[in-house]
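These notes concern the structure reproduced below.
The values are calculated or read from the model by the stated rules, or taken from the named source; none is laboratory data. In this text the structure is predicted, and so the values were computed from the model without any measurement. Glycine gets a Cβ as well: all are built from the backbone with ideal geometry, and neighbour counts include every protein chain shown. Surface accessibility is based on the protein's heavy atoms, side chains included, excluding ligands, DNA and RNA. Shrake-Rupley method; radii C 1.70, N 1.55, O 1.52, S 1.80 Å.
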Protein chains: 2
Amino acid sequence: MSHNFANRMQSVPRSFIREILKVTQDPTVISFAGGLPNPALFPSEALAEAARTVIADHGGETLQYSTTEGHPPLREWIAARYRERDGLDVSADDIMITTGSQQALDLMAKVLIDPGDTIVMESPGYLGAIQAFSMFEPKYETVNVTADGPDLDALERALAKNPKLFYAVTSFQNPSGLTYSDEKRQAVAEMLKGTDTVFAEDNPYGDLRFAGERQRPLMAYRPEKSLLLGTFSKIAAPGFRIGWVVADPDLRHKLVTAKQAADLHTSTVSQRIVHRWLEDNDLDEHIAKICDCYGTQCNAMLTAADEFFPEEVTLTRAEGGMFLWAEMPEGCSSMKLFDLAIKEKVAFVPGNPFYVDGRDANTLRLNYTNAVPETITEGMKRLGKCMKDYIASL
Amino acid sequence: MSHNFANRMQSVPRSFIREILKVTQDPTVISFAGGLPNPALFPSEALAEAARTVIADHGGETLQYSTTEGHPPLREWIAARYRERDGLDVSADDIMITTGSQQALDLMAKVLIDPGDTIVMESPGYLGAIQAFSMFEPKYETVNVTADGPDLDALERALAKNPKLFYAVTSFQNPSGLTYSDEKRQAVAEMLKGTDTVFAEDNPYGDLRFAGERQRPLMAYRPEKSLLLGTFSKIAAPGFRIGWVVADPDLRHKLVTAKQAADLHTSTVSQRIVHRWLEDNDLDEHIAKICDCYGTQCNAMLTAADEFFPEEVTLTRAEGGMFLWAEMPEGCSSMKLFDLAIKEKVAFVPGNPFYVDGRDANTLRLNYTNAVPETITEGMKRLGKCMKDYIASL
C-alpha cells in the first residue's frame with residue numbers, strides 16, 4: 001500500500017537509537033547505547049501505594065478528563081520548587097504539563113516554526129529535538145558545544161540571522177554530558193537580550209549532579225522570551241510521561257491551544273500518581289540516591305577509559321547526567337567502529353544522528369546508567385580493544 | 001510579550017467547548033454542555049487494584065520507557081477483539097497505541113497533509129478533529145450527515161476533488177448522535193474503492209449502544225487505505241489517555257515516526273493498568289452497565305424534549321453514544337439561545353464550532369451522560385421555555 005505523504009515526512013529520520021536498540025536485544029551484548037534511567041532505583045512500592053490511593057479514593061477525578069494545562073497542585077509543586085531553589089519568579093499559572101518533555105519540543109516547533117524558519121541547535125545536539133523540529137521543515141544553524149558551553153562567536157553569528165528558536169540542553173547535555181558554566185549562562189543571556197529569538201532551555205538532567213556545584217537555569221538570567229523544560233522521567237520514572245514547560249502567557253496560550261489539538265491533556269492518572277508520590281515522599285532524598293549510584297557508574301566508566309581506551313581518543317568528564325562523549329581522531333567513523341564493536345558484544349550510539357546534517361562522525365555516545373560497575377569495566381575493555389584495532393587498521 | 005507565531009496558529013481556534021465549560025462551573029447551572037462519561041460508572045476499585053499490581057510487581061517495566069508502538073499484550077488484546085467481534089483481519093502489529101484518540105487525529109494530519117491539501121469532513125463534524133487538522137492548513141470539503149449517514153451525492157462530489165483524507169465518526173457521531181446504516185457503510189466503501197483517499201473512521205462510541213443492532217465498522221467493507229480509531233476513554237476511563245489506531249504497514253510506519261517525535265510513547269503506566277484491568281475483569285459486563293445507564297439518561301432527555309420543546313425544534317433519536325442534536329428553525333441563532341439559557345441556569349454547546357466555517361448555527365449539542373434523569377428533566381424544561389421565548393421573540 002503506498003500513500004501520498006506530506007512533504008514534512010521526507011525530512012524526518014526514524015529514531016536511529018531505536019533501530020540500534022533492536023541490535024542490542026541480545027543479552028550477551030553489553031550496551032552503552034540506551035538512555036534509560038536505572039530501573040533498580042524506581043521507587044516502585046511508594047508509587048504503587050500512591051497509584052492505589054489516588055484511584056481508589058479519588059477515582060472520579062483521577063479517571064476523568066482534565067484540563068489541558070495540567071493538574072493544578074502538580075503545577076504549583078513544580079513552581080514552588082523553582083521559586084525556592086532557583087529564585088525564579090514563576091507561579092503554577094506559568095507551567096503547562098506535557099506528555100513527556102518530548103511533547104514540549106513538538107509543540108514549541110508547531111507554534112513557532114513555518115517552513116524555512118531558522119532554529120539554532122547545539123552541535124552535537126539532542127536527537128529527539130532534531131526529530132521533533134524537522135517535522136516543521138526548518139533551516140538549522142549550528143553552534144559547537146565546548147567544555148564550558150557554546151562557542152560564543154558561532155552563537156553570535158547564528159543569532160544575527162534572526163532565528164525563531166535557540167534550543168539548548170544546558171546541563172549534562174545529551175549526548176555530550178557537557179554543561180554551560182555560570183559565566184557562559186550569563187554571556188548567552190546577554191547575547192539573547194533584545195533579540196526576538198525564543199530561547200528553549202531543556203533541563204532533564206540538571207538534578208542528577210554527583211560532583212561540583214548546583215547551578216541556576218539560564219532562564220534565571222533572561223526570563224523573557226524563554227521556555228524552560230523539565231521532566232519527572234529522570235528523577236521519578238519515565239513510564240508516566242510527565243514533563244512540563246515554563247512559558248510566558250502569550251507563548252503558553254498558544255502552546256495550550258496546540259496541546260488541546262494534540263492530545264487534549266496528559267494522562268490524569270499519571271499526573272495524580274506523581275503528585276501524590278511527591279507529597280508523601282522526599283524527592284531530594286530520592287535524587288541523592290540516584291546521584292550516588294550514577295556517580296559510581298560514571299566513575300567506573302571513566303576509570304576504565306583511562307585504562308583501556310587508546311590515547312588518541314578523548315572523553316568528556318561529566319559531573320552529572322547519564323552520558324559521556326568520546327571523540328576518535330579525525331577521519332575515524334563511529335559507524336565502522338559500531339560494526340566491529342557489535343561483533344565483540346559491546347554497543348554504543350554512533351555520533352551521526354546528533355548532528356543535523358547526519359554526518360559520518362568520529363564521535364560516540366556512551367551511557368553509564370544501565371549497567372553495574374563490573375559490567376561497565378568489561379564493556380569498556382572490549383570497546384577499547386575495538387578502538388585500538390580499528391585505529392591501527394586505518 | 002509578543003512572539004512571531006507560525007502561520008498555522010492563525011487557523012486554529014481554542015476549544016470553544018472548554019471556554020463554555022468555564023461558564024458552567026456554577027453548580028446551580030444544569031449543564032448539557034460537557035462530553036464527559038459518567039464518573040459514577042468508573043470501575044475505581046478494580047482499576048486501583050490493577051494499578052497497584054502492575055507498579056508493585058512489575059515496576060521495572062511499568063515505570064520504564066517503552067516502545068512507540070505500544071504495550072504488545074494490549075495491542076494483541078485490541079486486535080483479538082476486532083477479529084472476534086467484527087471479523088477484521090488484524091493482528092497486534094497493525095495497531096499503534098496513541099495518547100487518546102485525539103493524538104491519532106494530530107498524527108494522521110501530520111503525516112498526510114501539506115498546506116492546501118483537501119480533507120473531507122462531515123457537517124456537522126467532530127470539533128476535536130477540526131482543531132487537530134486545522135493546524136496543518138488544509139482545505140475542507142464538507143458532506144452533510146443525515147439520519148442514516150452521509151449525503152452520498154455530496155460525498156461523490158467531494159471525492160472527485162481527490163482529497164487526501166475523509167474523516168468520519170460512523171456510530172453515534174459527536175455532535176449529532178447519528179449513525180451510518182449498514183447500507184450506507186457499504187455504499188461509502190464502494191465509493192472509496194479505487195481512490196487514493198485515506199478513510200479515517202473514528203469509533204469512540206460504537207460500543208455504547210443501548211438500542212438496535214450492533215454494526216461492523218465501515219473498515220470491514222474497505223480495509224485498504226483505511227485508518228480505524230478506537231479508545232478506552234468511553235468504556236473504561238478517559239483519564240488514562242489510551243486510544244489506538246489500526247493502520248496498514250506503510251501508513252503505520254509513518255505514524256510511528258511521527259509519534260516518536262511527538263511524545264516517544266504513550267504512558268506505560270496507563271497502558272499496563274488498562275491491560276491488567278482488561279485481563280482481570282469482564283469488559284462486556286462493564287459496558288452493559290454503562291449502556292443501561294446511558295439508555296435511561298437518553299430516554300429521560302427524549303421524553304422531556306417531547307414534553308417541553310417547541311414543535312418547531314427537531315431532535316435526533318440516538319440509539320447509543322452520549323449526545324443528541326437539536327435543530328431550531330432557519331434563522332435562529334444557538335449563540336443567542338445560549339445567552340438566554342445561561343440566565344435560566346441551563347447550558348449546552350451551540351452548533352457553531354462543529355462546522356468548519358464556524359457559522360452562526362441554528363443547531364445545538366445536548367449531552368445526557370452527566371446528570372441523573374430528574375436533573376435532565378428539569379434542565380430540558382428550562383431549555384424548552386428558553387426556546388419558546390426565543391422563537392416567539394423573533
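Summary of computed values
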{"item": "Complete set of residues in region A:290-304 that are open to solvent by less than 10 Å² (accessible area, probe 1.4 Å) and either hydroxyl-bearing (Ser, Thr, Tyr) or not assigned by TED's automatic domain parsing to the domain that holds residue A:384 (or both)", "result": "A:294"}
{"item": "Which listed residue, of B:67, B:28, is more than 9 Å from every other protein chain (Cβ to nearest Cβ), at pLDDT below 95 and more than 30 Å from residue B:355 (Cβ to Cβ)", "result": "B:28"}
{"item": "Total residues in region B:327-370, condition open to solvent by less than 70 Å² (accessible area, probe 1.4 Å), closer than 15 Å to residue B:383 by Cβ and not in a loop (DSSP other than H, G, I, E, B)", "result": "16"}
{"item": "Any hit, region A:182-193, residues being open to solvent by 10 Å² or more (accessible area, probe 1.4 Å), within 27 Å of residue A:102 (Cβ to Cβ) and part of a strand (DSSP E or B)", "result": "no"}
{"item": "Residue list for region B:154-181, filter: open to solvent by 40 Å² or more (accessible area, probe 1.4 Å), in contact with a strand residue (DSSP E or B) (Cβ under 9 Å, 6 or more places away or on another chain) and part of a helix (DSSP H, G or I)", "result": "B:157"}
{"item": "Residue within region A:158-167 that is under 28 Å from residue B:267 (Cβ atoms), within 21 Å of the chain's Cα centre (by Cα) and within 12 Å of another protein chain (Cβ to nearest Cβ) present", "result": "yes"}
{"item": "Residue B:225 vs. criteria more than 26 Å from residue A:55 (Cβ to Cβ), among the basic types (Lys, Arg) and either more than 10 Å from every other protein chain (Cβ to nearest Cβ) or open to solvent by 10 Å² or more (accessible area, probe 1.4 Å) (or both)", "result": "yes"}
{"item": "From A:15, A:2, residue being over 29 Å from residue A:378 (Cα atoms), outside the structural domain of residue A:232 (by TED's automatic domain parsing) and either open to solvent by 30 Å² or more (accessible area, probe 1.4 Å) or modelled with pLDDT under 95 (or both)", "result": "A:2"}
{"item": "Check on residue B:47, at the interface with another protein chain (Cβ under 8 Å from one of its Cβ atoms) and surrounded by fewer than 19 Cβ atoms within 10 Å (Cβ to Cβ)", "result": "no"}
{"item": "Qualifying residue in region B:286-297 (condition: assigned to a helix (DSSP H, G or I), without any contact (Cβ under 8 Å) to a residue 60 or more places away in the chain and more than 8 Å from chain A (Cβ to nearest Cβ))", "result": "yes"}
{"item": "Enumeration of residues in region A:257-269 that are open to solvent by less than 10 Å² (accessible area, probe 1.4 Å) and more than 20 Å from the chain's Cα centre (by Cα)", "result": "A:257, A:258, A:259, A:260, A:261, A:262, A:263, A:265, A:267, A:268, A:269"}
{"item": "Boolean, residue A:104 is outside the structural domain of residue A:266 (by TED's automatic domain parsing) and at pLDDT 95 or above", "result": "no"}
{"item": "Any hit, region A:212-220, residues being within 10 Å of another protein chain (Cβ to nearest Cβ), modelled with pLDDT of 95 or more, assigned to a helix (DSSP H, G or I) and surrounded by 20 or more Cβ atoms within 10 Å (Cβ to Cβ)", "result": "no"}
{"item": "First in region A:119-137 and among the hydrophobic types (A, V, I, L, M, F, W, C), second anywhere and modelled with pLDDT under 95 and open to solvent by 10 Å² or more (accessible area, probe 1.4 Å), Cβ under 6 Å, 6 or more apart", "result": "A:121/A:356; A:127/A:353; A:130/A:356; A:135/A:8; A:135/A:12"}
{"item": "Restricting region A:112-147 to residues that are of a type in the set (A, V, I, L, M), open to solvent by 10 Å² or more (accessible area, probe 1.4 Å) and within 11 Å of another protein chain (Cβ to nearest Cβ), the residue that is nearest to residue B:137 (Cα to Cα)", "result": "A:130"}
{"item": "Pairs, first more than 9 Å from chain B (Cβ to nearest Cβ) and at negative phi in region A:234-252, second of a type in the set (Lys, Arg) and open to solvent by 10 Å² or more (accessible area, probe 1.4 Å), C-beta under 9 Å, six or more apart", "result": "A:244/A:75; A:245/A:252; A:246/A:252; A:247/A:254"}
{"item": "Residues satisfying the stated conditions in region B:50-81, i.e. open to solvent by 10 Å² or more (accessible area, probe 1.4 Å), in contact with a strand residue (DSSP E or B) (Cβ under 7 Å, 6 or more places away or on another chain) and in a helix (DSSP H, G or I)", "result": "B:75"}
{"item": "So residue B:269, is it of a type in the set (A, V, I, L, M) and either part of a helix (DSSP H, G or I) or within 30 Å of residue A:49 (Cα to Cα) (or both)", "result": "yes"}
{"item": "Residue match in region B:223-243 (condition: out of contact with any strand residue (DSSP E or B) (no Cβ under 6 Å at 6 or more places or on another chain), in a loop (DSSP other than H, G, I, E, B), modelled with pLDDT under 95 and of a type outside the set (S, T, N, Q))", "result": "yes"}
